[in-house]
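One structure is given here, and the rest of the page talks about it.
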Amino acid sequence: LVRAPFFGSVALGLKWIGAPAVRTMATDGRAVWFNTAWCETQGAEKTMGVMAHEVLHIVNKHHLRRRARDPRLWNIACDLFVNRILAGDKYALPDVLIFDTAGRFAGMPVEVIYQRLADEQPTAQPAGGAPQPQPGSGVPGPGAQGPGPATAEAGSPVGADRAAIVAPAESWGEVRDLTDENAAPLGDAARRQAEDDLDVRIRQAAAAAKRVGRFSGALAEVVEAALLRADWRDRFRTLFDGTLRSDASWARPNRRFLPHGVYLPGWRRAGAGRVAFVLDTSGSISARELAIYLANLLGIIEETGPEQIAIIQCDAEVKRVDYLGPGETVDRIEVHGRGGTRFQPAFDWIAGSGFAPHVIVYATDLDASDRPDDPGTPVIWLTPTRGRAAPFGEIVEVTP
């Protein structure tokens with residue numbers, strides 16, 4: 001509370017439960033389970049570092065964002081994200097943690113880190129098992145995150161609270177999905193309520209840290225990003241995934257039916273093809289909005305591996321077009337434009353360029369002086385504006 005009041009304030013709102021079944025620490029966003037004997041071996045400094053590690057998982061809502069992703073790989077991605085922040089703040093941390101020492105994932109959202117790790121997994125997977133890492137990939141194998149499952153009997157209660165009924169941890173400092181009182185997955189309404197409650201706690205902790213002058217710029221950025229709702233990102237990914245090409249592959253059979261002696265083809269995502277990303281560079285678009293759109297462009301690149309992306313900057317006319325090929329990325333864009341807004345010039349350029357995209361993503365505030373013609377290609381509008389209609393396609397309202 002004295003040295004890091006933000007972490008301390010969030011930590012005070014959690015249940016801290018001694019649990020021998022958890023060999024180190026684990027959290028589901030509501031409780032943190034800790035092994036008392038293990039903490040004693042680490043000492044006060046490293047124990048505080050691990051407490052901050054668990055709190056950062058919660059602040060970044062890792063317990064609410066996994067969805068259908070592989071739990072082990074999700075934990076690795078979350079740890080790479082969290083430990084980079086803590087290492088930058090000079091926290092004392094146990095050596096068994098996973099660190100992004102090469103800076104491969106700096107500045108990436110955890111979903112993008114996960115997808116990059118998943119892409120590095122070998123194509124062959126053991127039936128019923130999680131993806132196994134390739135030799136030399138830098139991704140820890142099973143058990144490499146620290147001690148494996150505890151030998152203590154799972155479910156041994158520590159006190160009367162249901163949260164004390166603890167399963168052994170599968171990985172070091174495990175982050176688990178938040179569940180309801182019956183240990184069932186949260187529905188959409190319950191998930192939103194959990195986010196609302198957590199946002200209040202985060203804002204209160206940030207205010208307390210600011211009052212005593214212990215709220216660094218780096219931590220402020222983390223908190224600001226955490227308070228942005230992920231719902232619009234999920235909708236964007238869902239719509240975008242609906243445009244991806246998929247091919248049946250007999251070389252990679254559907255593992256779900258193999259135990260029943262049925263050999264069916266698996267579906268292999270063929271990639272996003274060609275993507276036209278139109279960036280509204282008119283004067284009504286703020287620098288913050290442009291940064292959000294750039295982050296989504298990076299997400300498209302990392303998660304879908306498109307054949308090619310055309311980045312089209314357009315205000316009242318097309319100002320600049322850049323191309324990104326397979327494996328290429330971008331960390332900043334020099335903005336051209338800042339005039340009025342018209343949509344039709346971008347669609348005219350796409351129609352006459354021969355680029356023939358499989359999907360068009362148009363990042364704009366939807367405030368234009370014209371009404372464009374439907375290009376006949378799936379269009380997703382990314383916009384921070386509420387209540388404005390698009391002439392066609394699907395709207396994803398970005399949290400400002």
TODO: Scan (1) open to solvent by less than 70 Å² (accessible area, probe 1.4 Å); (2) touching a residue at least 40 places away in the same chain (Cβ under 8 Å); (3) within 23 Å of Glu111 (Cβ to Cβ) for the single condition Ile309 breaks and write down its number.
DONE: (2)
TODO: Considering each of Arg23, Arg66 in turn, give the residue that is farther than 27 Å from Ala220 by Cβ, open to solvent by 10 Å² or more (accessible area, probe 1.4 Å) and assigned to a loop (DSSP other than H, G, I, E, B).
DONE: Arg23
Open item on the list: Between a residue in the stretch 205-228 that is closer than 25 Å to Arg192 by Cβ and any residue that is open to solvent by 30 Å² or more (accessible area, probe 1.4 Å) and at pLDDT below 75, which pairs come within a Cβ distance under 8 Å, given they are 6 or more apart or on different chains?
Closed with: Leu228/Thr399
Open item on the list: Looking at Arg338 and the list (1) closer than 14 Å to Phe277 by Cα; (2) exposed (fewer than 13 other Cβ atoms within 10 Å of the Cβ); (3) in contact (Cβ under 8 Å) with a residue 40 or more places away in the chain, which single condition is not satisfied?
Closed with: (1)
Task: Candidates Tyr91, Tyr114 - the one that is touching a Leu at 6+ places or on another chain (Cβ under 9 Å), at pLDDT 85 or above and hydroxyl-bearing (Ser, Thr, Tyr) - done: Tyr114
- [ ] Tell me, yes or no, whether the stretch 139-147 has at least one residue that is at pLDDT below 80, touching an Asp or Glu at 6+ places or on another chain (Cβ under 7 Å) and aliphatic (A, V, I, L, M).
- [x] yes
Task: Failed item in (1) closer than 13 Å to Ala276 by Cα; (2) assigned to a loop (DSSP other than H, G, I, E, B), with Phe392 passing the rest - done: (1)
Task: Every pair of residues 6+ apart whose Cβ atoms lie under 8 Å, when the first sits in the stretch 271-296 and is touching a residue at least 40 places away in the same chain (Cβ under 8 Å) and part of a loop (DSSP other than H, G, I, E, B) while the second is open to solvent by 10 Å² or more (accessible area, probe 1.4 Å) and of a type in the set (A, V, I, L, M) - done: Ala272/Leu244; Gly273/Leu244; Thr281/Leu290; Thr281/Val335; Ser282/Ala316
Open item on the list: Could you check the stretch 338-388 and list, in sequence order, the residues that are polar (S, T, N, Q) and within 31 Å of the chain's Cα centre (by Cα)?
Closed with: Thr364, Thr377, Thr383, Thr385
- [ ] Would you mind finding the one in Gly327, Gly337 that is of a type in the set (Gly, Ala, Ser), in a loop (DSSP other than H, G, I, E, B) and closer than 25 Å to Glu111 by Cβ?
- [x] Gly327
Open item on the list: With the requirement that a residue be open to solvent by less than 40 Å² (accessible area, probe 1.4 Å), of a type in the set (A, V, I, L, M, F, W, C) and within 22 Å of the chain's Cα centre (by Cα), what does the stretch 32-57 give you?
Closed with: Val32, Val50, Ala52, Val55, Leu56
Task: Positions within the stretch 312-324 being open to solvent by 10 Å² or more (accessible area, probe 1.4 Å), in contact (Cβ under 8 Å) with a residue 24 or more places away in the chain and assigned to a strand (DSSP E or B), in sequence order - done: Val318, Lys319, Val321
Task: Unique match (being surrounded by 16 or more Cβ atoms within 10 Å (Cβ to Cβ) and touching a Pro at 6+ places or on another chain (Cβ under 6 Å)) among Val398, Val379, Val361 - done: Val398
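The values are calculated or read from the model by the stated rules, or taken from the named source; none is laboratory data. Remember, it's a predicted structure, so these values are computed and weren't measured experimentally. All Cβ positions, glycine included, derive from the backbone under ideal geometry; neighbour counts span all protein chains shown. Only protein heavy atoms, including side chains, enter the accessible area calculation; ligands, DNA and RNA are left aside. Shrake-Rupley method; radii C 1.70, N 1.55, O 1.52, S 1.80 Å.
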